[in-house]
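Student: Below you will find the structure I want to go over with you.
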Amino acid sequence: IDRIFTFGEQNIRYFQELYPDIETKWEIAGNPRLEMAKFNPDLMALRSQSKSIGMPTRFSNINQCEGYPAFRTMDHPESVWEIVHQAKSYATMVRVVEHILEKTDLSISIRPHPTENPHSYRFLRERAPERIEVDVTYDFSAWAARQKAIVGPSTTSILEAYVLRVPTVNIETMAGVGNSFEEQGSAFDNLTKVQTSAYTPEALDDLID
């Protein structure tokens with residue numbers, strides 16, 4: 001490999017930790033996702049009209065886009081913690097969805113991670129198909145700008161929500177996995193920051209004010 005383009009210094013440290021034998025020239029190119037959020041003035045006005053809660057997900061170890069079972073991840077024992085983390089987070093997300101449906105008149109827009117299978121969310125959508133959608137559009141920023149708030153597990157996509165000033169809620173403390181990324185070390189620094197920067201309720205009753 002002659003050259004690798006990356007978002008920033010943290011990404012370089014991440015890949016150097018994973019692949020210490022790679023010798024290449026690193027180029028910091030910036031994050032084009034954030035540029036799309038920063039320089040589109042039309043996005044800021046969308047949230048004030050919203051009655052939708054956005055739920056970006058990150059469950060690709062238990063909902064792989066090509067349909068591989070969780071056993072594939074478990075072939076690497078050092079990754080088992082990720083399956084436990086994602087399973088607990090998803091179970092909590094289901095409870096959050098039910099709570100929102102019961103306590104509010106808001107709709108819910110689920111946005112699967114690009115490495116997930118969107119079709120799997122049909123089971124969750126069956127709870128209230130008139131109020132739950134599964135969004136697979138291209139531009140995360142345009143989707144996030146249409147949400148009243150972002151609620152879900154840790155994902156670097158939350159950075160766009162910060163730029164757009166959309167309130168964010170992290171559900172992983174409720175799921176009992178609130179310190180998982182920090183325990184895994186510097187390779188997960190980005191997700192540790194995302195996890196701790198959002199509002200982190202400890203119970204469902206703290207979720208809705």
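Student: Wholly within segment 152-209, which helices (runs of 4 or more DSSP H) include no fewer than the required count, namely at least 2 residues that are under 21 Å from Val84 (Cβ atoms) and either modelled with pLDDT under 85 or open to solvent by less than 40 Å² (accessible area, probe 1.4 Å) (or both)? Working first, answer last.
Tutor: On the way: elements: 158-163, 180-183, 189-197.
Counting at least 2 such residues, we get 180-183, 189-197.
Student: Here's something else I'd like to know. Tell me whether segment 123-134 contains one or more residues that are assigned to a loop (DSSP other than H, G, I, E, B), open to solvent by less than 50 Å² (accessible area, probe 1.4 Å) and not acidic (Asp, Glu). Talk me through it step by step, then tell me what you get.
Tutor: The first filter runs over segment 123-134 and keeps only residues assigned to a loop (DSSP other than H, G, I, E, B), leaving 126-131.
Narrowing further to those that are open to solvent by less than 50 Å² (accessible area, probe 1.4 Å): 128.
Next, only the ones that are not acidic (Asp, Glu) stay: 128.
Looking for residues that are assigned to a loop (DSSP other than H, G, I, E, B), open to solvent by less than 50 Å² (accessible area, probe 1.4 Å) and not acidic (Asp, Glu), one finds at least one in segment 123-134, hence yes.
Student: Residues in segment 59-99 that are open to solvent by 60 Å² or more (accessible area, probe 1.4 Å), over 27 Å from Pro129 (Cβ atoms), in a helix (DSSP H, G or I) and not aliphatic (A, V, I, L, M): how many?
Tutor: Number satisfying all stated conditions: 4.
Student: Another one. Suppose we filter Lys25, Lys51, Lys38 for residues that are open to solvent by 70 Å² or more (accessible area, probe 1.4 Å), within 30 Å of Ala87 (Cα to Cα) and charged (D, E, K, R); which single one remains?
Tutor: Numbers: Lys25 fails: within 30 Å of Ala87 (Cα to Cα); Lys38 fails: within 30 Å of Ala87 (Cα to Cα).
That would be Lys51, the only listed residue that is open to solvent by 70 Å² or more (accessible area, probe 1.4 Å), within 30 Å of Ala87 (Cα to Cα) and charged (D, E, K, R).
Student: Can you tell me which residues in segment 7-22 are exposed (fewer than 14 other Cβ atoms within 10 Å of the Cβ) and part of a loop (DSSP other than H, G, I, E, B)?
Tutor: If the condition is that a residue be exposed (fewer than 14 other Cβ atoms within 10 Å of the Cβ) and part of a loop (DSSP other than H, G, I, E, B), then Gly8, Tyr19, Pro20, Asp21, Ile22 are the ones that fit.
Student: Given (1) touching a residue at least 12 places away in the same chain (Cβ under 8 Å); (2) open to solvent by 50 Å² or more (accessible area, probe 1.4 Å), identify the lone condition not met by Ala149.
Tutor: Condition (2) is where Ala149 drops out.
Student: Run Met44 past the list (1) at pLDDT below 90; (2) assigned to a helix (DSSP H, G or I); (3) not acidic (Asp, Glu) and report the number of the one that doesn't hold.
Tutor: Looking at each condition in turn, Met44 falls short on (2).
Student: Give the residues of segment 76-105 that are of a type in the set (Gly, Ala, Ser) and in contact (Cβ under 8 Å) with a residue 60 or more places away in the chain, sorted by residue number. Even if it seems obvious, please write down each step before you answer.
Tutor: Initially, segment 76-105 is screened for residues of a type in the set (Gly, Ala, Ser), giving 79, 87, 89, 91.
If the condition is that a residue be of a type in the set (Gly, Ala, Ser) and in contact (Cβ under 8 Å) with a residue 60 or more places away in the chain, then Ser89, Ala91 are the ones that fit.
Student: Going by the conditions given, is Ala142 at pLDDT 85 or above and either in contact with a Gly (Cβ under 7 Å, 6 or more places away or on another chain) or open to solvent by 10 Å² or more (accessible area, probe 1.4 Å) (or both)? Walk me through it before giving the result.
Tutor: On the way: at pLDDT 85 or above: yes; either in contact with a Gly (Cβ under 7 Å, 6 or more places away or on another chain) or open to solvent by 10 Å² or more (accessible area, probe 1.4 Å) (or both): yes.
It is true that Ala142 is at pLDDT 85 or above and either in contact with a Gly (Cβ under 7 Å, 6 or more places away or on another chain) or open to solvent by 10 Å² or more (accessible area, probe 1.4 Å) (or both).
Student: Next question. Kindly indicate the residue of segment 100-122 that is under 16 Å from Gly54 (Cα atoms) and in a strand (DSSP E or B) and also most open to solvent (accessible area, probe 1.4 Å) among those meeting that condition.
Tutor: Looking at the filtered set, the residue picked out is Ser107.
The values are calculated or read from the model by the stated rules, or taken from the named source; none is laboratory data. This one's a predicted model, so the numbers in the text were calculated from it and none came from an experiment. No Cβ is skipped: glycine too gets one built from the backbone with ideal geometry, and neighbour counts run over all protein chains shown. Just so you know, the surface numbers come from the protein's heavy atoms only, side chains and all, with ligands and any DNA or RNA stripped out. Shrake-Rupley method; radii C 1.70, N 1.55, O 1.52, S 1.80 Å.
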